[in-house]
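Read the structure below first, then the notes.
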Amino acid sequence: MVSQRARQERRVLLVHESAQVRASIRRILAEEAAVSVVDEAPDAYTAWERMRLCWPDLVILDVAMQHMDGMSFLRQIMRKRPTPVVICSAFTERNKQLALEALSHGAIAMIYRPAALDVGLGDPQAEDLRRTVRECLEVDAARARRVQRQPANRSDRALPRRGRQSAAVVGIGISTGGPRTLATLLREIALPVPPIVIVQHMPQGFTGPLAERLDRITPLTVQEAVDGMTLRSNHVYIAPAGRHTRLRRRAGDRIAFVIEPGERVRHHMPSVDVLFDSMADQLHARAVGVLMTGMGDDGARGIERLHQRGAVTMVQDEASCVVFGMPKAALARHPRCPTLSVGEIATYLSQLRRYEREALREAG
């Protein structure tokens, strides 16, 4: 008979050229309850043959392999049977671009390759790997793929309206499914718009390349935020990974970035809560807070604080989310928060400057 533990275990396949890296990942995941590394392979050809015999619940994949490369293998998995895939590579500049491309072709998340066998079980890198695997196992990859292929649905239903205050900054928190969702959102936003600051959960070294990719597909200027930089309209700023991003008011009503190291908040740095807290403290009703697709609860407390300070807040709807975790956590704290599709969020942000003009006419 199959044991109860065996029935509950989720099956993970490791596909990586390095035997040392595979051994390190196997050792780290051995500490994770209900997760079993059922097989491993040094290349995609071997992995595919083994998957045909026993299909895994999740694949940890090196995106840059010889012979059949990781991207081709990923596309093959998604055509045959969409499955959660976590990218794990030595992230050279080329591999960073490949990893970001993999996210647009169905991969769920990225993790740093463990440094051979010297990662301790209590090391933050090991904790990140276990948490990422645990969370990604809960993702319905087939549904995620359908959602990410959907166009940005617009509608004529009533959107949130501002009061008499103008919107100084839009803050967006996003995680799993974020890069492709952001691409869809930013393509749909019409100028002029206030500055947009985005916290996207991802490993260090990826927020700069992400900004470069997004900058190529939108009329907005997209760049990685820099400490001390003053925010400008029609610009989108990606918070750099590995540090927290806050906003601070300066003389002449200018708003600048404060980017500094610190402790992780809700497992993340940068944290959406940290950004939203600074917006609530510095901007009050002149802020707009948006929480989009992602796992966990980062941003839920911050969006509640923004609402309490008079800011406009909204979350992405479940139908257009790859993972509804972060918006759902926000709604648990702020049940009346408006729930909008990606297209409706884009429509609202595109109308912010018009709302300001209407408010000025009413005030005059």
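Using a simple charge model, +1 on the beta-carbon of Lys and Arg, -1 on the beta-carbon of Asp and Glu, nothing else, what dipole does the chain show about its Cα centre, in debye to the nearest 20?
Dipole size: approximately 1080 debye.
Under 5 Å between amide H atoms, partner at least 5 residues away or on a different chain: which partners does Ala168 have, H built in plane at 1.01 Å?
Ala287
Round to the nearest 10 and report in Å² the accessible area of Arg22, as given by a 1.4 Å probe over the protein chains' heavy atoms.
Result for Arg22: roughly 30 Å² accessible.
Skipping prolines and chain starts, which residues have an amide H placed within reach, meaning under 5 Å, of the one on Val35, given they are 5 or more residues away or on another chain?
Residues meeting the amide H criterion: Arg10.
Go through the range 284-292 residue by residue and turn each phi into a ³J(HN,Hα) via Karplus (6.51, -1.76, 1.60, θ = phi - 60°); whole Hz please, and just put x for glycine and proline.
6, 6, 8, 9, 10, x, 10, 10, 10
Could the peptides 102-112, 125-135 be put in order, highest first, of the mean number of other beta-carbon atoms found within 10 Å of their residues?
102-112, 125-135
Of Thr347, Ala330, Leu283, whose Cα points farthest to the positive end of the dipole of the range 265-364 (charges on the beta-carbon: +1 Lys, Arg; -1 Asp, Glu; origin at the Cα centre)?
Leu283
Could you work out how far apart the two model spin labels at Arg264 and Arg143 are, taking each label as a point 7 Å from the Cα in the direction of the beta carbon, and quote it in nm?
It is 2.6 nm.
Using a Förster distance of 25 Å, how high is the FRET efficiency between Arg250 and Gln351, based on the Cβ-Cβ distance and rounded to 0.05? Numbers along the way, then the final one.
Numbers: r = 28 Å, r/R0 = 1.11.
Efficiency computed from Cβ-Cβ geometry: 0.35.
With every protein chain kept in place and ligands, DNA and RNA left out, what is the accessible area per residue of the range 200-248? Probe 1.4 Å, answer in Å².
40 Å²
Any chance you could run the full-extension gain for Ala23 through Asp281? It's 0.36 nm times the residue separation minus the Cα-Cα distance, nm to one decimal.
88.2 nm
Would you mind telling me the antiparallel percentage of the DSSP bridges in the chain, rounded to 5?
Values: 9 of 49 bridges.
Beta bridges within the chain, antiparallel portion: roughly 20 percent.
Please report the antiparallel percentage of DSSP beta bridges with both residues in the range 174-281, rounded to the nearest 5.
Close to 55 percent.
Going by a ≥ b ≥ c, the root eigenvalues of the Cα gyration tensor, does the range 180-239 fall in the rounded group (a/c under 1.5), the prolate group (a/b larger than b/c) or the oblate group?
oblate
Could you do me a favour and compute the accessible area per residue for the range 316-357, 1.4 Å probe, result in Å²?
38 Å²
For the chain, build the charge dipole from Cβ charges (+1 Lys, Arg; -1 Asp, Glu) around the Cα centre, then report which of Gln97, Cys321, Gln20 sits farthest towards its positive end.
It is Cys321.
Given H placed on each backbone N at 1.01 Å, which residues far from Glu224 in sequence or on other chains put an amide H within less than 5 Å of it?
Under 5 Å from the amide H of Glu224 lie the amide H atoms of Ile238, each far enough along the sequence or on another chain.
Work out the length of the dipole vector of the range 31-85 about its Cα centre, built from +1 on the beta-carbon of each Lys and Arg and -1 on the beta-carbon of each Asp and Glu, and round it to the nearest 20 debye.
460 debye
Is it possible to state the helix-based mean residue ellipticity at 222 nm for the chain, with each DSSP H run of 4+ residues giving -39500 (n - 2.57), the sum divided by total residues, to the nearest 500 deg cm²/dmol? What is it? Walk me through the numbers before you get to the answer.
Working: 13 runs with 143 residues, N = 364.
Helix-only estimate at 222 nm: -12000 deg cm²/dmol.
I need the shape label for the range 257-357. Rule: rounded when a/c is under 1.5, else prolate if a/b > b/c, else oblate, with a, b, c from the alpha carbon gyration tensor.
Oblate, since a/c reaches 1.5 and b/c is not below a/b.
Take the solvent-accessible surface of the protein heavy atoms, probe 1.4 Å, and return the percent of it on the chain that carbon and sulfur atoms account for.
That fraction is 46 percent.
With unit charges on the beta carbon (Lys/Arg positive, Asp/Glu negative), name the residue among Val236, Cys136, Pro192 whose Cα is farthest towards the positive pole of the charge dipole of the chain.
The one lying farthest along the dipole's positive direction is Pro192.
The values are calculated or read from the model by the stated rules, or taken from the named source; none is laboratory data. Bear in mind that the values here come from a model prediction, so they are computed numbers and not experimental data. Virtual Cβ from ideal backbone geometry, glycine too; neighbours counted across all protein chains shown. Side chains included, ligands, DNA and RNA excluded: accessible areas come from the protein's heavy atoms. Shrake-Rupley method; radii C 1.70, N 1.55, O 1.52, S 1.80 Å.
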